[in-house]
Amino acid sequence: MTPFFGIITIGAIKNIQAVSAIKESANIIFDPLNDTNVRFVHYPDCQQLIIWLTHPGREYGNVLLRNSMTEAVIEEWPVREKLSGSIQLLWDTLMIEPGLYTIEINYKNGWQHIIEIQKLAEGVLPAFKQPEKFSEENENIESEPIIYRDGFGNILENEDLVLREKVKKDIGRKFTRHIEYEGNFRSGTIIYIDNEVRIEFYHEMGGGNCMFYIDIPTEDQWEAVTRTSISERQDIIDFVAARVKSEQASNCNYKIEKASIGYYYR
């Protein structure tokens, strides 16, 4: 497919409930989304829409990308497919053609977050604001960051720089992390590789309806075994489980347990 490198501008953000929703569940609390929850990041060779959800991602249903002019649904997928952690939604938007769209994120009892966006043609900038565009050349000519200090003269952490570095790392991970395999079907090692991170998971053939299973460190063991933070555990496990299914077990469903991922024949 042809990538479209034009930038995305964020329009109105709404939080609504469908008229047809079942009101018996009206006690459901729905926290609204606002413009601080949505960010578009544009690099010279890739781009990403980042949405920080107001509820755990597992509680949501599907996301729809709808053409605002024709109301046709362009894309639809479960929120869990693009989750990074528990609430961060990472969306590679290169394949979205220039045009006007609405993003519909479905929650319980008919509630929705609605985000209006416009994908511009490559090289076209919005009239009201030029979005931040990162490149090594730009970074080299930037002025020194402002240093903030508390009343005692101690340096405070610059949250903008921390967020920027996190976004760059997240995008880098999205385009580089992958799975490698050693051994054979009966037993072997599944290797998660993410830049300098390398984690090996042992796998073995299962019995009965179980095609095979992968051993994973428990939460208590995770940091000592993998040398990565516990906050990254769920994202890494979700990635491994989904990628192995697509590459090695497309005829199976998987189930993530406390210390294993099992693949079961449908």
Quiz item: Among the residues of region 250-257, is any out of contact with any strand residue (DSSP E or B) (no Cβ under 6 Å at 6 or more places or on another chain), surrounded by fewer than 16 Cβ atoms within 10 Å (Cβ to Cβ), basic (Lys, Arg) and not in a helix (DSSP H, G or I)?
Solution: no
Exercise. Answer yes or no: is there a residue in region 120-132 that is in contact with a helix residue (DSSP H, G or I) (Cβ under 9 Å, 6 or more places away or on another chain), part of a helix (DSSP H, G or I), in contact (Cβ under 8 Å) with a residue 12 or more places away in the chain and open to solvent by 50 Å² or more (accessible area, probe 1.4 Å).
Key: no
Quiz item: Is region 114-124 home to any residue that is over 18 Å from Ala12 (Cβ atoms) and in contact with a strand residue (DSSP E or B) (Cβ under 7 Å, 6 or more places away or on another chain)?
Solution: no
Quiz item: Which one is least open to solvent (accessible area, probe 1.4 Å), of the residues in region 10-40 that are modelled with pLDDT of 70 or more and of a type in the set (S, T, N, Q)?
Solution: Asn37
Self-check item: Pairs with Cβ under 8 Å, 6+ apart, first in region 231-250 and on the phi < 0 side of the Ramachandran plot, second surrounded by fewer than 17 Cβ atoms within 10 Å (Cβ to Cβ) and aromatic (Phe, Trp, Tyr)
Solution: Gln248/Tyr181
Quiz item: Which residues, taken from region 51-83, are in a strand (DSSP E or B), modelled with pLDDT of 90 or more and either within 21 Å of Trp111 (Cβ to Cβ) or charged (D, E, K, R) (or both)?
Solution: Ile51, Trp52, Asn62, Val63, Leu64, Leu65, Arg66, Val73, Glu75, Glu76, Trp77, Pro78
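The values are calculated or read from the model by the stated rules, or taken from the named source; none is laboratory data. As the structure is a prediction and not an experimental result, all values here were calculated from the model. Neighbour counts run over all protein chains shown; Cβ positions are idealised from the backbone, glycine included. When the accessible area is computed, the model is the full protein with side chains, heavy atoms only, and any ligands, DNA or RNA have been set aside. Shrake-Rupley method; radii C 1.70, N 1.55, O 1.52, S 1.80 Å.
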